[in-house]
1. Of the residues A:Tyr314, A:Tyr301, only one is surrounded by fewer than 24 Cβ atoms within 10 Å (Cβ to Cβ) and in contact with a Ser or Thr (Cβ under 9 Å, 6 or more places away or on another chain); which?
2. Looking at (1) more than 14 Å from chain B (Cβ to nearest Cβ); (2) in contact (Cβ under 8 Å) with a residue 12 or more places away in the chain, can you tell me which one A:Ser233 breaks?
3. Can you confirm whether A:Ser356 is in a helix (DSSP H, G or I), farther than 16 Å from A:Asp159 by Cα and touching a residue at least 12 places away in the same chain (Cβ under 8 Å)?
4. When you scan region A:127-147, how many residues do you find that are on the phi > 0 side of the Ramachandran plot and touching a strand residue (DSSP E or B) at 6+ places or on another chain (Cβ under 7 Å)?
5. For region B:276-293, state whether one or more residues are free of Cβ contacts under 8 Å to residues at least 40 places away in the same chain and either farther than 28 Å from B:Ala152 by Cβ or of a type in the set (Asp, Glu) (or both).
6. Taking the residues in region B:105-116 that are surrounded by 17 or more Cβ atoms within 10 Å (Cβ to Cβ) and assigned to a loop (DSSP other than H, G, I, E, B) as candidates, determine which candidate is nearest to the other protein chains (Cβ to nearest Cβ).
7. So, in region B:256-275, of the ones that are within 17 Å of B:Phe322 (Cα to Cα) and without any contact (Cβ under 8 Å) to a residue 60 or more places away in the chain, which residue ends up surrounded by the most Cβ atoms within 10 Å (Cβ to Cβ)?
8. Return the residue satisfying two criteria in turn: it lies in region A:318-337 and is in contact with a Gly (Cβ under 7 Å, 6 or more places away or on another chain) and at pLDDT 95 or above, and of such residues it is farthest from A:Val100 (Cα to Cα).
Protein chains: 2
Amino acid sequence: MSTTADRRAAAAAKCLTLDNMNPNIKVMEYAVRGPLVIRAGEIAHVYDRGSSCRCGGKMSHVGQHESEYQSDGVRRARAAGHSGRGNRKRAAKLSLSLQVLALVSLPQLFDDPRFPDDVKQRAQAVLDGCRGQSVGSYTDSPGIEIIRRHVAQYISRRDGQPADWQDVILSAGASDGIKSVLKLLIEDVDGKKPGVLIPIPQYPLYSASLAEFNMEQIGYYLDESKQWGLPISELERSITEARKHCNPRAIVIINPGNPTGQVLTKENIQDIIKFAHREKLFLFADEVYQDNVYAEGSKFYSFKKVLVEMGEPYKSMELASFMSCSKGYMGECGLRGGYSEVINLDPGVKAMLHKSISAMLCPTVLGQTVMDCVVNPPQPGEPSYEQFSREKQSVLDSLKQRAKMVADTFNSIEGMSCNPVQGAMYAFPQMKLPAKAIAKAKAEGKCPSVLYAFELLERTGICIVPGAGFGQVPGTYHFRTTILPQPEKLKAMLEKFREFHEEFLAKYK
Amino acid sequence: MSTTADRRAAAAAKCLTLDNMNPNIKVMEYAVRGPLVIRAGEIAHVYDRGSSCRCGGKMSHVGQHESEYQSDGVRRARAAGHSGRGNRKRAAKLSLSLQVLALVSLPQLFDDPRFPDDVKQRAQAVLDGCRGQSVGSYTDSPGIEIIRRHVAQYISRRDGQPADWQDVILSAGASDGIKSVLKLLIEDVDGKKPGVLIPIPQYPLYSASLAEFNMEQIGYYLDESKQWGLPISELERSITEARKHCNPRAIVIINPGNPTGQVLTKENIQDIIKFAHREKLFLFADEVYQDNVYAEGSKFYSFKKVLVEMGEPYKSMELASFMSCSKGYMGECGLRGGYSEVINLDPGVKAMLHKSISAMLCPTVLGQTVMDCVVNPPQPGEPSYEQFSREKQSVLDSLKQRAKMVADTFNSIEGMSCNPVQGAMYAFPQMKLPAKAIAKAKAEGKCPSVLYAFELLERTGICIVPGAGFGQVPGTYHFRTTILPQPEKLKAMLEKFREFHEEFLAKYK
């Protein structure tokens, strides 16, 4: 960063400077891709270029964006892995979404007998929905009709409640859909900015988007002592305070939680819906981890299902729920597929939503295709069913095992505590940091969780995201780590982590 | 649309209504996906469902979004077409981008001898740039490094001037990149809104994005009598008027022009750059049609090349130029690949740009892959070179022939005139409409070009975009049509068009 004087000098020459650029973008933060991740990338780059490794060659996790463990981990966990050079030959069999992608990209492959018939039918259904039978054509802005219909069928099966395909909008990942709906709410009323309740800790897409849209972030704290549950009294506290200076219009719930890994109970969801109704809030249900539930006794309930089953007046509430092909057991995050189901929208507003997305033409057709694979998996009796089920179960079993391993390990480290990872793909342990470390961090103007994460990275190559990026109760320090590295790597990483932590405590004693 | 009273009643029940939603989205318009296109879709739907056709079965162009002709047309024009069910067997050979997509999606196919070695090398380079050798992983937010390097090499070859890969940001189509840079400029100064000069006629992404961002649209008229040239006097007129009520910060130039099809001369570009320098404007060069230049004597010059060759002070100006895989000879618009090259940005602002795109994680990896194919085509001596060159030349020759056919036909119709289609993929003819038609349209509160387009659609199934969606000199009426249908279909369509136009003139005489 340059000084103010430097910037003034530059301003004489440049049209666009830090002094006259969009102030909302200046204040935006996006921790999972922030300075720490950039530094991790630099370190990885050095290793890629073949220089010596300070860590004895065990740095495989360095330079992975922490968030990108998601994809790699899920994919590596597959029984029949998709792999590139080197281990291509070892790949056991073709997997559904990859086969479908290859077929729709290059339909000449339909002649290849290695592709099962039901996979070909899936690919053909997508091509039939494309203009000119080509995934290279634009689609309707909300996506291909047959895929929107498959999404609605998926939701109906999941919830035992009807879903209307015309309420479904496909998007380039869930993030794209979330921003499209969120921006509808940008409107000051009586000079007050619109506000949105979001959990603390939260996924930083929300804080970043609210900053970009100049909307007010209204944080409500999840209760770490109650497995990151969501007490209604805390919602009431936060909205009451917020009403003094902004106009609360919506509430975001992330379930299963990111970064906190909790799975909400049905009763908790009912109470949240009642609260939102009382306070006249638009419901945003971020449910991208709906297929990632591991803990005994935990079960995923969609907000849509609970709200409809509660009957009137709740079943008429406005609700947007979001899903992605980046999570679950497929983890195809680089392909950018997602959907939103938006119900009970005012018809005029619905038309505006559709108009607003049309300026971006359409979400990537191959991302739409993968979303189709997620919502329309092979059924019993279809040729791909057995392999698909085996792969899926293997991924989910392995994630479950790792969820437990991660929480158990952090709980065994001195000064750390970690709630069970009931769902999603992360642990969010709390750590008691020595006073000297806290003082040093504050002297450097950073959160102690950031100081800790940088030291961890430099010393071990392990990249975590400091709790500061997600929000935490003042005076508490956390970090997010994924459960996605393969078990043997994860185990080695956790041991290295333990060693580092002990050294850190000794250093700042 | 509901009445105000209806909306008030709904407002009692809904959180979000037309009365309290984002006003910027309400005023947004996006003509190429507007009501006319929706109606065209409805008509196509009826035909899809097998009901009787009013037009004797010649309605193949109905229900194509007019803008979507682009992809379908380009793809159909290929010598070796990519096609689905029915004509799959007839496809002559595999094409570069489709082969690469299939390989990176399903690397098991590397064993298949039908894929040429250089295609495999391209696919392998992309996989090597992906974490875990998988396109399903997130990439860096600005895209895969090797592809950014290929883009920079492409620009260097094109311009004979160096390009820095770190100035290149990959995006989900050019639209995504344009919006990312444009939003940096959102900042009121001295109570004045930021303004952006855009051509009239313009591509509606610009008017829609400026409306969404609450920025001021400053239209400058292209000179239809001079082949849609860009007179500096008109730029001066528009900015002088605009300075009274807003703060002009940038100028958008679309070259080759959309919807107007002109190709700017080097001298015109030099004058525009000098104007932008005098007025301290950020340059946006929308150059997505750079490979689509048909007319004798027309040549594409990039703003980057011209600006750098002009030397100081011009070569230090801030410039963003945009490219896409949706146009050119590949036309893979559904795959959402694009890039921006942003030069001479203040380093602090550059960091902010990178931060702001990080919240959307990364552009689709398969879109990045297709962009790589566009900028890194086979070279002489490589196995794919001959087929690729043949396919490319065949597409471009056919487009050139159609560009001439379209302009010639419209010029031969009574009351129509059309500038030569020097480049891009559209004709934008002017039509003299009868006074009675104009009066009727005005009585209905619509632009006569819209009335004309709806009647054309209902009567013939042909979908054009009325000039009103792009902007036109008051009192003149135009429409945009693509040059993309196959020659025989295009010819039949143009004849149908001629018949309709004569009937229309007679009807309103």
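1. A:Tyr301 is the lone residue from the list that is surrounded by fewer than 24 Cβ atoms within 10 Å (Cβ to Cβ) and in contact with a Ser or Thr (Cβ under 9 Å, 6 or more places away or on another chain).
2. (2)
3. yes
4. The total comes to 1.
5. Looking through region B:276-293, at least one residue is free of Cβ contacts under 8 Å to residues at least 40 places away in the same chain and either farther than 28 Å from B:Ala152 by Cβ or of a type in the set (Asp, Glu) (or both).
6. Step by step, filter region B:105-116, then rank; the result is B:Leu106.
7. For region B:256-275, the residue satisfying everything is B:Leu264.
8. Ranking the candidates gives A:Phe322 first.
The values are calculated or read from the model by the stated rules, or taken from the named source; none is laboratory data. What you see is a predicted model; the values in this text were computed from it and never measured. Cβ coordinates were reconstructed from backbone atoms using ideal geometry, including for glycine residues, and neighbour counts include every protein chain displayed.
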